[in-house]
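The values are calculated or read from the model by the stated rules, or taken from the named source; none is laboratory data. Note that the coordinates shown come from a computational prediction; the quantities given were computed from them, not determined experimentally. Note: ideal-geometry Cβ built from the backbone for every residue, glycine included; neighbour counts use all protein chains shown.
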Amino acid sequence: MKVDAEVLKAPRAAAGATAARRGWPVRVLFHNVAAALAVLAVWQAATWVVHSVFFPSPLQVLRAMGDLWVNGDVTGNSLLTHIRWSLLRLLAGFSMGVVVGVPLGLLMGLYKPLYTGTRAALEPFRFIPPIAWIPLTIVLLSGFSRYVFLIWLGAFFPIFVATLVGVPRVELIHKNVATVHGAGRWYILTRVVIPSVLPDILGGMRVGMGTAWMTIVAAEMSGGETTGLGRMMVNYAELLRIPEIVVGMILIGVLGFLMNEVLIRIEKRLFRWRWEVSL
Amino acid sequence: MSRTVEVDVSQRFGDLVVLDRLAFSIAENEFLCLLGRSGCGKTTLANLMAGLIPCSEGSVTIDGVPADPRRHELAFVFQEPSLWPWRTVRNNIKIGLEIKRVAPDEIDRRVQEMIELVGLEGFEDYYPYQISGGMKQRVAIARAFAVDADLILMDEPFAALDAQTRTTMQAEVLRIWEKRKTTVVFVTHNLEEAVYLAERIIVLTEKPTRIKASLDVDLPRPRDFGHPRFIALRKRLGELIGTW
């Protein structure tokens, strides 16, 4: 059998690209560690220039972190407890955002009248920042449910909108292939529509994850429970203990980064079938 | 028993009459070419026969039963890229079998058979973006022949390929058709392609589309593009359709 020559080159090139994409090669890891150290160095230098008791050095922050981890904070909660609660609320709210946002986005994308007929009622909610809901939820909800509701609000819209706008991008010809062979709606939904929209959904999830973090910290700062990284930071702000506040900031950044990395890993695994464009 | 496909349809889009009482039949295992100029409604006819669009009047029947993708085995090879980019070559070929709920080991057996038949051994686990245009069309053809189709429609499947690949693919599709013995309706605007492939050619007029002529092609296979009878037939088709 005759096979075009340029085709034989494709697999090798593709295999190379896959290897490069998998994991972090040592060189990339080295660059990232160097960049992180550079940030620390600039920070350290800045503390020498500013020279204020309200501007802690990296070492002071590290010491505060160790102290919080071992001895707990002023309310007696250890750092791990705060992290655990923040993560739990975040994941609960975010999961609900996915569970509600994706099916609703698919439904409204596939049955356009459902969206066009309700958009004036639905869309205004998108422009009310989750933070603006805090006063209302303080009155109406309490504890865990309040946080989950606020995070859900933050994560829902990016996921919902990404799914909604992804549906029209499903190619008619891909659907026609299934139709000609006699496929029903369920087959077309699960085997054509969802795989086509999945890249958009994952993109929406990454944006939603960012909004979810933004919301959780604001919600925890607004009071209620005694746990959570946001709560911890406010407690120390009242005591003017800056190193502990910075510990909270760093942890939020690092945890958000790690969760985003997890989503990126999932994307790369799911979308092996896509070209990766680079310049 | 022969599975005759009977077509008797009219198609209107608003005031525009696309197909005007178009009636013909296709015998079992026949290779029929529908030849017509661009924009004459060939694709509409093919889509209609495959049940992709409902027809305004008339019907398409297979053995007297209205053609229905759920009851009959239909298949379509499109001109545009139609492979699912998220599926490998192997998993693209099995789509039709999967929809008809064929047993998994039977699916594996038939997919393997088709992969060998179209010469894609070693490429089973490649994604569409990793293979050439010609190979993608081979996969689409394998997908169509993998089901025991009552009718396979091919809508200018090689129009987007370069001349050499196109010639190879024409020979390939004949080889597979001879091996699998299936009824094929092949839509094209290319005169040589029609003469090379078809057992019978139906020449269509411009819109509103009617049948202008039906010609039997009794040239021996493999056909030679330079054979005097080949050239004479091509010329006759050119006259029927008007030069372009």
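Among the residues of the range B:2-14, is there at least one that is away from chain A (no Cβ under 14 Å), loosely packed, with under 15 Cβ neighbours inside 10 Å and either in contact with a helix residue (DSSP H, G or I) (Cβ under 9 Å, 6 or more places away or on another chain) or acidic (Asp, Glu) (or both)?
Looking through the range B:2-14, at least one residue is away from chain A (no Cβ under 14 Å), loosely packed, with under 15 Cβ neighbours inside 10 Å and either in contact with a helix residue (DSSP H, G or I) (Cβ under 9 Å, 6 or more places away or on another chain) or acidic (Asp, Glu) (or both).
Contact list please: Cβ distance under 6 Å, first residue in the range B:41-58 and more than 14 Å from chain A (Cβ to nearest Cβ), second residue in a loop (DSSP other than H, G, I, E, B) and not hydrophobic (A, V, I, L, M, F, W, C), pairs at least six apart or on different chains.
Going by the 6 Å Cβ cut-off, the qualifying pairs are B:41/B:207; B:42/B:36.
For the range A:175-279, please list each of the helices (runs of 4 or more DSSP H) lying entirely inside it that holds at least 2 residues being within 14 Å of chain B (Cβ to nearest Cβ) and surrounded by fewer than 16 Cβ atoms within 10 Å (Cβ to Cβ). Before the answer, list the steps.
On the way: elements: A:185-188, A:194-221, A:229-238, A:242-270.
Where helices (runs of 4 or more DSSP H) fall fully within the range A:175-279 and carry at least 2 residues being within 14 Å of chain B (Cβ to nearest Cβ) and surrounded by fewer than 16 Cβ atoms within 10 Å (Cβ to Cβ), they are A:185-188, A:242-270.
Can you tell me which residues in the range B:74-99 are within 7 Å of chain A (Cβ to nearest Cβ) and over 18 Å from the mean Cα position of the chain (by Cα)?
Within the range B:74-99, the subset within 7 Å of chain A (Cβ to nearest Cβ) is B:74-76, B:78, B:80, B:82, B:84-86, B:95-96, B:99.
Across the range B:74-99, the qualifying residues are B:84, B:85, B:86, B:99.
Given the structure, is residue A:144 assigned to a helix (DSSP H, G or I), in contact with a helix residue (DSSP H, G or I) (Cβ under 6 Å, 6 or more places away or on another chain) and closer than 17 Å to residue A:93 by Cβ?
For residue A:144, the condition - assigned to a helix (DSSP H, G or I), in contact with a helix residue (DSSP H, G or I) (Cβ under 6 Å, 6 or more places away or on another chain) and closer than 17 Å to residue A:93 by Cβ - is not met.
For the list (1) modelled with pLDDT of 90 or more; (2) exposed (fewer than 12 other Cβ atoms within 10 Å of the Cβ), I need the number of the one condition that residue A:90 fails.
Condition (2) is where residue A:90 drops out.
Hey, does the range A:154-171 have a residue that's modelled with pLDDT under 95, at negative phi and surrounded by fewer than 12 Cβ atoms within 10 Å (Cβ to Cβ)?
Yes: the range A:154-171 contains one or more residues that are modelled with pLDDT under 95, at negative phi and surrounded by fewer than 12 Cβ atoms within 10 Å (Cβ to Cβ).
Among the residues of the range B:167-174, is there at least one that is more than 12 Å from every other protein chain (Cβ to nearest Cβ), over 15 Å from residue B:79 (Cβ atoms), crowded, with 21+ Cβ neighbours inside 10 Å and touching a residue at least 24 places away in the same chain (Cβ under 8 Å)? Can you show your working first?
Taking the range B:167-174 as the starting set, the residues that turn out to be more than 12 Å from every other protein chain (Cβ to nearest Cβ) are B:170, B:173-174.
Those left that are additionally over 15 Å from residue B:79 (Cβ atoms): B:174.
After this cut, where a residue has to be crowded, with 21+ Cβ neighbours inside 10 Å as well, the list is none.
For the range B:167-174, residues more than 12 Å from every other protein chain (Cβ to nearest Cβ), over 15 Å from residue B:79 (Cβ atoms), crowded, with 21+ Cβ neighbours inside 10 Å and touching a residue at least 24 places away in the same chain (Cβ under 8 Å): absent.
Working only within the range A:150-200, note down all residues that are among the β-branched types (Val, Ile, Thr) and more than 30 Å from residue B:149 (Cα to Cα). It would help to see each step written out before you state the result.
At the first step, the residues of the range A:150-200 found to be among the β-branched types (Val, Ile, Thr) are A:151, A:159, A:161, A:163, A:165, A:167, A:170, A:173, A:177, A:179-180, A:188, A:190, A:192-194, A:197.
Those that are among the β-branched types (Val, Ile, Thr) and more than 30 Å from residue B:149 (Cα to Cα): A:151, A:159, A:161, A:163, A:165, A:167, A:197.
Can you pull out the residues in the range B:88-112 that are within 21 Å of residue A:186 (Cβ to Cβ), at pLDDT 95 or above and among the charged types (D, E, K, R)?
Of everything in the range B:88-112, those that are within 21 Å of residue A:186 (Cβ to Cβ), at pLDDT 95 or above and among the charged types (D, E, K, R) turn out to be B:94, B:98.
Return the residues of the range A:211-243 that are at pLDDT below 90, touching a helix residue (DSSP H, G or I) at 6+ places or on another chain (Cβ under 7 Å) and on the phi > 0 side of the Ramachandran plot; say none if nothing qualifies.
A:224
I'd like the full set of residues that are surrounded by fewer than 24 Cβ atoms within 10 Å (Cβ to Cβ) and more than 10 Å from chain A (Cβ to nearest Cβ), limited to the range B:123-138. I'd like the intermediate steps shown before the answer.
We begin by selecting, within the range B:123-138, every residue surrounded by fewer than 24 Cβ atoms within 10 Å (Cβ to Cβ); these are B:123-136.
Hits for the range B:123-138 are B:124, B:136.
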